[in-house]
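A short write-up of the structure that comes next.
The values are calculated or read from the model by the stated rules, or taken from the named source; none is laboratory data. For clarity, every value in this text was computed on a predicted model and none was experimentally measured. Here Cβ is always computed from backbone atoms with ideal geometry, including for glycine, and neighbour counts include all displayed protein chains. We work out accessible area using only protein heavy atoms, side chains counted, and drop any ligands, DNA or RNA first. Shrake-Rupley method; radii C 1.70, N 1.55, O 1.52, S 1.80 Å.
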Amino acid sequence: MQTRSNSEHNVLFSSRLGTLALLLAFSPAMACGGNNGGGDDDPTSGDGDGDGDGDGDGDGDAGDGDAGDGDAGDGDADDGGQDPVDLPITEDFEGYKAGSAMAEQAGEPWVTWDYTSGDATDPLVSSDQANGGDNALYVADNNDLVMRLGLQEGEAYQINFKIYVEADKQGYFNVLQRFWTQAEAESAADPSMTSKWGVDVHFEPGGIGAILGGAAASVPFAFAHDEWIDVMVVTDLAEDRGRLSINGERVHNWQWSKGSVGVNDNLTLGGLNLFGATTASNGTTPVTSGYFIDDVSVKEIESVEEDDDTPDTPGTSGSDTGTSDGSATGGTDDTSTDTGDTGTDTGDTGTSS
């Protein structure tokens, strides 16, 4: 299996934070998706992008959606290795040995980005912090773990987990519309064409986070280091909606199919990616990753009916959010969780990659 170095990983991560032209043109073997700061796509317009969703990138494989794997690029689930996994999934990390690599111990649905479990990208189970019980997952620099979901289609899904971001360090996750297959990883295919990012979320040093969902400009939010934070992501594929809530308050809405920077056209859910990014959301500022994850769950829910489904304009949200200077901008408090849950959903059984 061909793998990439950590330096390659970080260069490629940073490339998604540059211009959309670089996002679409850059093609060495790439690691997990970071957020993307560039591009000028209108989040209310069509994609017209050539991003590997069946619009003629010409590589003849799963990434272009018109050959090779049953239209995987635009969300069909019949290509090899992309059958949807059974839900619900829950994970509390209690059944694993602290100090040992997670994917190597757990197996599917947890895999490293390159399907190389047990190597330096496989994060360790830790007993240093836990939301409940004794263990949690610890993600450090260049760790790269995915809860692989296959290709979920047509329904609404809810992802919940707890995150604890250490002081002066960064936390990060993305939710994927599609995650590349092991065959694509082994052939060193470009994951910017075969993997599709639905939303990128950075918890940056200083307590201000950055969300990329539906547009190239990021949306800020405030959070606290050194405490457990509830995260909930709802992907309503039936209604083409994405929702992100932090500690029970909505911080971002977007059109799910447009992906993290507004150029995709994918109505699928492919996985949860936990990456130890070494650059901030701007793609250039060096940071150190250090965060714990606990009580992960993924389940199917009823499609969400809302009074206001308007995607957020970058820089605003339906709840209080942080600004670039560290202050908060007031909005209408929204404590709904789309399904009546509180956003913790720790009663289910399961985990992720």
Please find, within the range 97-125, the residue that is modelled with the highest pLDDT out of those that are among the charged types (D, E, K, R) and open to solvent by less than 30 Å² (accessible area, probe 1.4 Å).
-> Asp122
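Can you tell me which of Ala210, Ala215 is closer than 20 Å to Gln255 by Cβ, out of contact with any strand residue (DSSP E or B) (no Cβ under 7 Å at 6 or more places or on another chain) and either open to solvent by less than 30 Å² (accessible area, probe 1.4 Å) or in a loop (DSSP other than H, G, I, E, B) (or both)?
Values: Ala210 fails: out of contact with any strand residue (DSSP E or B) (no Cβ under 7 Å at 6 or more places or on another chain).
Residue meeting the stated conditions: Ala215.
To keep it simple, each residue is scored yes or no on (1) over 24 Å from Pro123 (Cα atoms); (2) among the polar types (S, T, N, Q).
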| site | (1), (2) |
| --- | --- |
| Val233 | no, no |
| Leu244 | yes, no |
| Gly248 | yes, no |
| Asn253 | yes, yes |
| Asn264 | yes, yes |
| Phe275 | no, no |
| Thr278 | no, yes |
| Pro286 | no, no |
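Determine whether Gly262 is touching a Pro at 6+ places or on another chain (Cβ under 6 Å) and of a type in the set (Gly, Ala, Ser).
Values: touching a Pro at 6+ places or on another chain (Cβ under 6 Å): yes; of a type in the set (Gly, Ala, Ser): yes.
In short, yes.
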Confirm whether Asp128 is open to solvent by less than 20 Å² (accessible area, probe 1.4 Å), at pLDDT 95 or above and part of a loop (DSSP other than H, G, I, E, B).
-> no
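Is it the case that the range 154-165 has a residue that's assigned to a loop (DSSP other than H, G, I, E, B) and closer than 24 Å to Thr279 by Cβ?
Taking the range 154-165 and keeping what is assigned to a loop (DSSP other than H, G, I, E, B), we get 154-155.
Okay, now just the ones that are also closer than 24 Å to Thr279 by Cβ, so none.
There is no residue in the range 154-165 that is assigned to a loop (DSSP other than H, G, I, E, B) and closer than 24 Å to Thr279 by Cβ.
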Within the range 259-288, the residues that are closer than 23 Å to Pro84 by Cβ and either open to solvent by 10 Å² or more (accessible area, probe 1.4 Å) or of a type in the set (Asp, Glu) (or both) are Asn264, Asp265, Leu267
Which ones in the range 223-240 are surrounded by fewer than 23 Cβ atoms within 10 Å (Cβ to Cβ) and closer than 16 Å to Ile301 by Cα?
-> Leu237, Ala238, Glu239, Asp240
Mind listing whichever residues of the range 168-205 are crowded, with 24+ Cβ neighbours inside 10 Å and aliphatic (A, V, I, L, M)?
-> Val175, Leu176, Ala185, Met193, Val199, Val201
